[in-house]
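The values are calculated or read from the model by the stated rules, or taken from the named source; none is laboratory data. Keep in mind the model is a prediction, meaning the values are calculated, not measured. Here the Cβ is made from the backbone with ideal geometry for all residues, glycine too, and neighbour counts use every protein chain on show.
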Amino acid sequence: MTTDNSISPPSNEKLTGLLAKLDDAVRLLLQAPAFSKPGKLPRVLDTARRVLLQEGGAAAIEQRAQALEAAGVFAGSDWETPQYLVPSLTPHALKSADPNVVVIESLSELRLLAVSKGEYIHDQISAEHAHHYLTQTMAINLWLLFSTPSEAERETQGRLAMIPRHLFQHLAERIGYEHVIDQLIEEIWRILKQRPIQVDSIKQMIMQIALCQANPEIDLGSSGQGADRLVSSLFGPTQACREDPGLDVYRERLDHMDQASLQAEATGFARAMHDTGLVSPYHPVLLRHLLEENDNLVAETLGLSSTGRDCLMCYRELVHALIRGGVYPATSQALYGLSLMLERGILYQPPVAPAMWRQLGLVLSEWSEARLTLTYGDTASPRARLLEGVVCMLGMPLGVGQGNNPTCQSARALSMWAYNDPDYLLQMVAWAARDDEIIMHFEGQPISSMASLSGVATELPMDLDPVSLLVVPHLDRIYAEMGRRCVGREGDPHRWVNPEFHGWWSGRGFRINVDVATGNLFEVDDFLRHFYASYHPYYNGNQPLIHPQPAGIAFTDSAARFIGWHAITILRITLDPRDVMRVYFYNPNNDSGQDWGDEVKVSTAGSGERFGEASLPIEQFASRLYIFHYDPLERGDLSKVPDTELESVKGYLFRSWGASRIPPTDLQATQAPVK
Amino acid sequence: MQKDPNKGYIALLGWSLNAIEAAENFDRRYIVVAPDWAEDYCQKHDIPYVPWNFERLNDRSIEIAETLKEKGVDVAIPLYEETVEWAGAINSVLLDNPRIYGQSLLLRDKALMKRRAQLGGIRVGIFEEAHDKEDVVRFLKRVNQTLLKLDGDPNDPIHLKAFDKAGCLGHRVIRTPDEVDTIPDEEFPVLMESHLDGWEFAVEAWIHKGKIVFLNISEYVTLGYSVFVPASPELEKYREQITQQIEKLIKAFDIEFGLIHPEYFVTSDGEMYFGEVAYRPPGFKVFELLEKVYGFNAYQATMLVFDPKSTSEEVAAFFPKEVVDADGFAGCFGVYPRRRVVSRLEIPEETEDHPYFESHELTAPMEETVTKRTAFGTHWGLIYFKGDDAHTLRDLLKHQEELDFYV
């Protein structure tokens, strides 16, 4: 007989003790009548938190998943209806500084794990659905599998940061890494097709995949094949850097290359860049090299078409200066931005080129420099960083994202100016970055961003592209101040604020289908008829939309439930490749591919979208629309809009956010007359 | 739970979710008497309820007694200090016994209570009422003269308590005449007591038909911070003496039924001094601690002894045997922030990792600046421990005082 058996490892003993306490707490919760459950919940969550911190804790919770849910752990929260949970919200919950949020999210994942494994038959969600959800969640949170807590996490979460890691180790072991990787690759491609300006997190995910593939301890099976293009586009897109030799080695290799090899390098990089929207740090090394040695290959390296090439020829000196000032390995995305900016031909607009020269020489305020350095580190100078941001925004106006901030209005304005009025954007950047002040006018009265105290956002945003980082806080305050100046006016303030804030081209005609006082729907038929008559080519005299127009949508979740009001830009309305009339629009949300419920799925690629555009068939789009602007003098014929078309829109509307907003009179009108 | 119409119908005076939950799971009919802000909640959760605002007793007070009588309620139970005289007034009507009201008034006024105890042959410390600051200074001087202190010797402290508030609310310790100035005028009148060096403890005694049916001794580790049950063997040694003291108290206050919660000191020579007594559930969640170790619900126990229809057999069967039936020791510690500025809640790892640690009810700080404590009073939340050894638990509770929970 050995003595070893009688001594169990200390952590196990601890886990056993904690599990007894957890079971106690769960029992108390289960027995409590509904009214006193909230009082019993904190103890369950806190004890579960301590269990999850232990080795093997996640497995123990998985076994108790059904008991936990039966006791009412999720009752009254979003987690109560697992069929509506959205994977993309999980990183936020898991990074929360609030232990209860982290714990309840973890409990929910473990519950879905039990469901997906068939251990727990759930009446609201199937095993397949649960599995699908978990793989997506893991893909999005891959960083949790392969990294130790960052400084920021440690600061906000402390020990808590270990819980998501333990959780995902357990999930990965139970589900298998191979599912995660393929899902993740698909996800990355989907986002890249929208060509966002900010790609740092995507680059990180690709790096995770590369590390995963290189790790002999992780068996990926046959998965991960689709990652090759992604990984190579970052770490070795061409012959001469295939094995990721490091920038210095690569630079040396360039010195000894002949014309044909350089040409091959240039086209190799350009293809990778235009395939993915990602720029390898090697790419700027080549470009800068060619600038000195062989500038006839610059157009090749930028991958320009004849339009872009023309523009480059006309503004050769400016482009060279932009490359010298802003395109470094640390700011490699500038190269892509520059290429797309040239393709747009906006340099031909008279004020743009001189404004770019101003940008090149712009002296940044101390505050601007500090903000840029704080956010992006000091691998590039603040001026180069901002220049990268400027060319990227001008090259990819629809790639502007609002980050995790409530500033959709400001993001939309920046995008609209980059798209429609680039020299105005450059003016804004100069004011913000150099003067720390922007002055806009509202009905003739100047509004200074310095004098306005507060904006919509309560803290300075950090997760933005360089231009947004500097300009959004100013715009946000001005926008909020314009709203304040409309206090007391009847109706929705967007009527006055939108045209003054975004630009003269925002139509002064204004329609809203929500009664501001009651929140009920209001003149829905009239609203929709005007929208169709102004925007739908069949009823507006086949007039394509001239300027981008601000519009407001009622944002709904995948169960078609109302979430909130959201600002977007309508860009164009036309037939898609399948001959469906679609609205193409810009959504300042970072990922436009969203499921708005009731089969309304916003498409971002494959239906004729250009980079960064989102699209929906017009009747689905109109069903979520609640505010639009139009030119009252250019309105189409209201009487030509057929009722059948509007009925279809109203169907979508009443099945989603409009369901609870039908005013009493409308109800009577829709009832069949009593005989 | 299925209600037994042959058993009593009980009114709970004051709002306590724990009490309502206990009543819901007990075989007696009940009704909650609480201010009207509770109405929506009660409707939503089907909790039997009658609205009443417990302000000072006045001409309309009879209304609530009559309302309850009409509904067939047998007895009212006070859940808070503020509802004790209401219960007295209501029960004197329901049970047709006017003396009950007088008794409740005695139990509501700390000065009257001490006099009554003195008359009953119970030892109390020196005490006096103070109407202003001068009274306090005079009392402080006289107490210390009595102790033969010379000028310059450190004073023995005196204690100030509000007449009619629960537990530690408004409790101050005064050592020097300077400190008297810190007392706001609106706190007067107050009760002043000499300081007794000794071991302070509390008792929860359930009384049925004039007899003690269950007696718990709660041991304070530090007054206002921590308590555990059952008491350590060193204190339990005094159980017989303590029982005699409680019997004296029952006699002095003529208590037939209910739950009393007195506080005592044992001095180094083994003498018991009476502090005060309350006719309601104790604060500091002692009820929860009792449930953790004995398994019975102390609110249900209270309803049982209040219910005039309870039989002696039912009561005897309900309660376990003191101390021997306890499964370990359970204690709790009230957390006060120690720093002046705090930003977040952080349970010390050594506390959380201790095998005795069970749970906590602390929440994130609402404000960054901590209000200076002027009196004993409101802690920011409790943490619970349970374990097999009284001394380990006691030392653990004591040690918590040196830790920061808010940083």
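Pull out all pairs, ordered by first then second residue, where Cβ-Cβ is under 6 Å, the residues are six or more apart or on different chains, the first lies in segment A:33-46 and is at the interface with chain B (Cβ under 7 Å from one of its Cβ atoms), and the second is hydrophobic (A, V, I, L, M, F, W, C).
Filtered contacts from segment A:33-46: A:SER36/B:LEU17; A:GLY39/B:LEU17; A:ARG43/A:ALA25.
Out of A:VAL497, A:VAL471, I need the residue that is outside any loop (DSSP other than H, G, I, E, B) and in contact (Cβ under 8 Å) with a residue 60 or more places away in the chain. Which one?
On the way: A:VAL497 fails: in contact (Cβ under 8 Å) with a residue 60 or more places away in the chain.
Just one listed residue meets the conditions, A:VAL471.
Residues in segment A:358-393 that are of a type in the set (Phe, Trp, Tyr) and within 18 Å of A:PRO422 (Cα to Cα): how many?
Total satisfying the criteria: 0.
Acidic (Asp, Glu) and within 14 Å of chain B (Cβ to nearest Cβ): which single residue out of A:ASP24, A:ASP78 fits that description?
Numbers: A:ASP78 fails: within 14 Å of chain B (Cβ to nearest Cβ).
Answer to the selection: A:ASP24.
Yes or no: A:ALA551 among the aliphatic types (A, V, I, L, M), at pLDDT 95 or above and either buried (at least 20 other Cβ atoms within 10 Å of the Cβ) or part of a helix (DSSP H, G or I) (or both)?
Taking the combined requirement at face value, the residue satisfies it.
May I ask you to list the residues in segment B:154-195 that are at pLDDT 80 or above and in a loop (DSSP other than H, G, I, E, B)?
The answer is B:PRO157, B:ARG175, B:THR176, B:ASP181, B:THR182, B:ILE183, B:PRO184, B:PHE188, B:PRO189.
Under the condition of being at pLDDT 90 or above and among the hydroxyl-bearing types (Ser, Thr, Tyr), which residue from segment B:360-407 is farthest from A:LEU41 (Cα to Cα)?
B:THR392
Tally time: how many residues in segment B:104-118 are among the polar types (S, T, N, Q) and over 19 Å from B:LEU68 (Cβ atoms)?
1
Go through segment A:384-421 and report how many residues are part of a helix (DSSP H, G or I) and surrounded by 24 or more Cβ atoms within 10 Å (Cβ to Cβ).
24
If A:LYS601 meets every condition in (1) surrounded by fewer than 21 Cβ atoms within 10 Å (Cβ to Cβ); (2) at pLDDT 95 or above apart from one, which number is that one?
Here A:LYS601 clears every test but (2).
Of everything in segment B:13-29, what is within 9 Å of B:LYS3 (Cα to Cα) and in contact with a Leu (Cβ under 9 Å, 6 or more places away or on another chain)? Give them in sequence order.
B:PHE26, B:ARG28
Within segment A:516-527, identify whether any single residue is assigned to a strand (DSSP E or B), within 19 Å of A:ARG655 (Cα to Cα) and in contact with a helix residue (DSSP H, G or I) (Cβ under 9 Å, 6 or more places away or on another chain), and answer yes or no. So that I can check it myself, show each step before the final result.
Taking segment A:516-527 first, the residues assigned to a strand (DSSP E or B) are A:521.
Adding the requirement that they be within 19 Å of A:ARG655 (Cα to Cα) leaves A:521.
Remaining after also requiring in contact with a helix residue (DSSP H, G or I) (Cβ under 9 Å, 6 or more places away or on another chain): A:521.
Yes, segment A:516-527 contains at least one residue that is assigned to a strand (DSSP E or B), within 19 Å of A:ARG655 (Cα to Cα) and in contact with a helix residue (DSSP H, G or I) (Cβ under 9 Å, 6 or more places away or on another chain).
So, restricting to helices (runs of 4 or more DSSP H) that lie completely within segment B:239-325, which ones have at least 3 residues that are closer than 28 Å to B:LEU362 by Cα and either out of contact with any Phe, Trp or Tyr (no Cβ under 9 Å at 6 or more places or on another chain) or among the charged types (D, E, K, R) (or both)?
Where helices (runs of 4 or more DSSP H) fall fully within segment B:239-325 and carry at least 3 residues being closer than 28 Å to B:LEU362 by Cα and either out of contact with any Phe, Trp or Tyr (no Cβ under 9 Å at 6 or more places or on another chain) or among the charged types (D, E, K, R) (or both), they are B:286-294.
Condition first: part of a helix (DSSP H, G or I) and of a type in the set (Gly, Ala, Ser). Now tell me which residues in segment A:359-383 satisfy that. Quick ask: steps written out before the conclusion?
To start, the set of residues in segment A:359-383 that are part of a helix (DSSP H, G or I) comprises A:359-361, A:366-376, A:382-383.
Those that are part of a helix (DSSP H, G or I) and of a type in the set (Gly, Ala, Ser): A:GLY361, A:SER368, A:ALA370.
Results for (1) crowded, with 19+ Cβ neighbours inside 10 Å; (2) of a type in the set (Phe, Trp, Tyr), shown as yes or no for each residue.
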{"position": "B:CYS332", "(1), (2)": "yes, no"}
{"position": "B:TYR336", "(1), (2)": "no, yes"}
{"position": "B:GLU350", "(1), (2)": "no, no"}
{"position": "B:ALA364", "(1), (2)": "no, no"}
{"position": "B:ALA390", "(1), (2)": "yes, no"}
{"position": "B:ASP395", "(1), (2)": "no, no"}
{"position": "B:LYS398", "(1), (2)": "no, no"}
